[in-house]
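These notes concern the structure reproduced below.
The values are calculated or read from the model by the stated rules, or taken from the named source; none is laboratory data. Quick caveat, the model's predicted, so the values are computed rather than measured. Neighbour counts run over all protein chains shown; Cβ positions are idealised from the backbone, glycine included. Just so you know, the surface numbers come from the protein's heavy atoms only, side chains and all, with ligands and any DNA or RNA stripped out. Shrake-Rupley method; radii C 1.70, N 1.55, O 1.52, S 1.80 Å.
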Amino acid sequence: SDATAAMPGDNQSLNAALVRLGRNPRDSDALIAAGNAALAMGDADAAAGFYTRADKLTPDNPRILSGLASAKLRAEDPFAAIPLYNSAEKLGAIAPAAMADRGLAYDLVGDNASAARAYRQAIADGADDEATRRLGISLAIAGDKRGSEGVLAPLLAKQDRAAWRARVFALAIMGREDEAVRTANAMMPVQLATGIAPYLRYMRQLTPAQQAAAANMGHFPKASDIGRDDPRIAQFATSAAKPRLASADEAMIPVGAPLGKVEKPKGKAKELAVGDAPLPTVAVRVGQPIAANVSPPPVPPPVPPSVPPPVPMPSRVVEAPLPEPVNVVAVENPTAPADKGLNNQAAGFNLARTEGAVSGPQPVVVREVAKPQAAVAAAVVKPTAKPSFADAFEGLAPSRSSSSVASGAVDLRKIVPARDAPKLPPPPVHPSRIWLQIGVGRDTDRLAYDWRKMLRDEGELMKSRKAFVTEWGRTNRLLIGPFDGEKAADTLVAKLKKAGHDGAFVWTSPTGQVVDPLDGK
């Protein structure tokens, strides 16, 4: 998303915050500023670290909680982000950018109504155009075609490229795939338009949460997960559901028979009833037409289609001698005592109609099984066991009870089958290591210049040290290390600070993070 694109000012903001933290590591405002800058640069993990440290110093700060929530969101965990946004709102106002992120968090869990409210609040408070784009996509997911087009229209009139991208996804979500593809070809670079065209034709098959992730974050589910939500989304919807109280404009007039003695209508009122039957009760909702309250017939509870009726335990088993899978049919033993419960549950069950059934007659062999029903059921589904080493030589080896072996014979009892040694996974190419970050910048040549200057100024401290560089969002970290432990790194931080070099801090690279030598060797 364009909201996560780093600007040149973000690097300067982060460097300034790090300098302040070098002077005072307990500066809460500097930690918040560093978190905001890291978040703008796309480093959710670093931002979460800064916010967490700030929260320990000044708990119950809405700026910290909403920032930490946005870091969780960028780490693709809206389930952890939403409670943090809720807590931040109780403590004070949420910044417009964080409120726009809150709307995206709701979209990612399928709650489009709450998302739209958050987006509109963010826009009213002065959020940037990204909140408007997200609102247009959210309304399309909710099926509000006119609302989506109206929200995006002002940005499209300004030829906002990001708004045209949102428009393309909104069209695909609403089922207008051909128009979406045509718009993409007209408004996007050819390579980009060609790349997203196949995905646009699948947008309707995604769940609302998957549509939000694809349109806002560019994350499309695997083919096996299309149309299947994360189970946590259903859990979130259940936990978030609350009983809704009737508002003042939805007052209801009491219906039904009054308490106490019921008297038959007299005079002309009696002519309104058929015979002596009571008049039907009427439910009246303010602003809505009057409808008779006629009780519908009871509807049986739905039966989940994926759960077949239970099959009674067979007392006679029919097995297929063919090597490929065939139907296994249970035949009721007429001499067995009837079990009404099982028979009632299995009524109407036809194995030949179940999915995967093989039509036509199949050659079968019937054998009587003199085992309890539970054991028979287990025998039907139990796979054939692989022969063991001892079974392979059964009949060739002498009796296990024999204590002697013929002269010159091999005692098979002493043979131990060879087993391959367990294969250990290869060590990670880039393991997690402890570093000291001494600078940050997009230009590696500039970082190399800064490193040479530090070598000149602090030759004793930097003796035998080498510099490394690793990507950090849209910029790079300048590192020295790795260190054997945090204690060694902290010692060097203290020495650098004493020498007048503020801003250095300990950083642990996650497993898989590529860290290259600054000189490329």
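Key figures
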read-out	value
Which numbered condition Ser70 fails, given (1) at pLDDT below 95; (2) closer than 21 Å to Pro510 by Cα; (3) not β-branched (Val, Ile, Thr)	(1)
Candidate set from the range 415-446 (those that are modelled with pLDDT of 85 or more and part of a loop (DSSP other than H, G, I, E, B)); member that is surrounded by the fewest Cβ atoms within 10 Å (Cβ to Cβ)	Asp443
Scan of the range 130-164 for residues that are surrounded by fewer than 18 Cβ atoms within 10 Å (Cβ to Cβ), in a helix (DSSP H, G or I) and of a type outside the set (A, V, I, L, M), ordered by number	Lys145, Arg146, Gly147, Glu149, Gly150, Pro154, Arg161
Residue within the range 486-509 that is among the charged types (D, E, K, R), surrounded by 12 or more Cβ atoms within 10 Å (Cβ to Cβ) and under 23 Å from Asp10 (Cα atoms) present	yes
Answer from Ala504, Ala488, Ala467 - the residue that is of a type in the set (A, V, I, L, M, F, W, C), within 40 Å of the chain's Cα centre (by Cα) and within 21 Å of Ala47 (Cβ to Cβ)	Ala504
Output for the range 19-72, where each listed residue is closer than 18 Å to Asp490 by Cα and buried (at least 23 other Cβ atoms within 10 Å of the Cβ)	Phe50
Some residue of the range 235-246 being within 15 Å of the chain's Cα centre (by Cα), open to solvent by less than 80 Å² (accessible area, probe 1.4 Å) and at pLDDT below 95	yes
Members of the range 460-485 that are small (Gly, Ala, Ser) and open to solvent by less than 40 Å² (accessible area, probe 1.4 Å)	Ala467, Gly481, Gly485
Residue within the range 201-220 that is in contact (Cβ under 8 Å) with a residue 60 or more places away in the chain and open to solvent by 60 Å² or more (accessible area, probe 1.4 Å) present	yes
Unmet criterion (only one of (1) surrounded by 21 or more Cβ atoms within 10 Å (Cβ to Cβ); (2) over 21 Å from Arg102 (Cβ atoms)) for Asp178	(1)
Residue in the range 449-457 that is at pLDDT 80 or above and on the phi > 0 side of the Ramachandran plot present	no
Extreme residue, modelled with the lowest pLDDT, among residues of the range 510-521 that are surrounded by 11 or more Cβ atoms within 10 Å (Cβ to Cβ) and charged (D, E, K, R)	Asp519
Hits in the range 160-196 - residues which are closer than 23 Å to Asp128 by Cβ and at pLDDT below 90	Met187, Met188, Leu192
Flag if Asn15 is touching a residue at least 60 places away in the same chain (Cβ under 8 Å) and not small (Gly, Ala, Ser)	yes
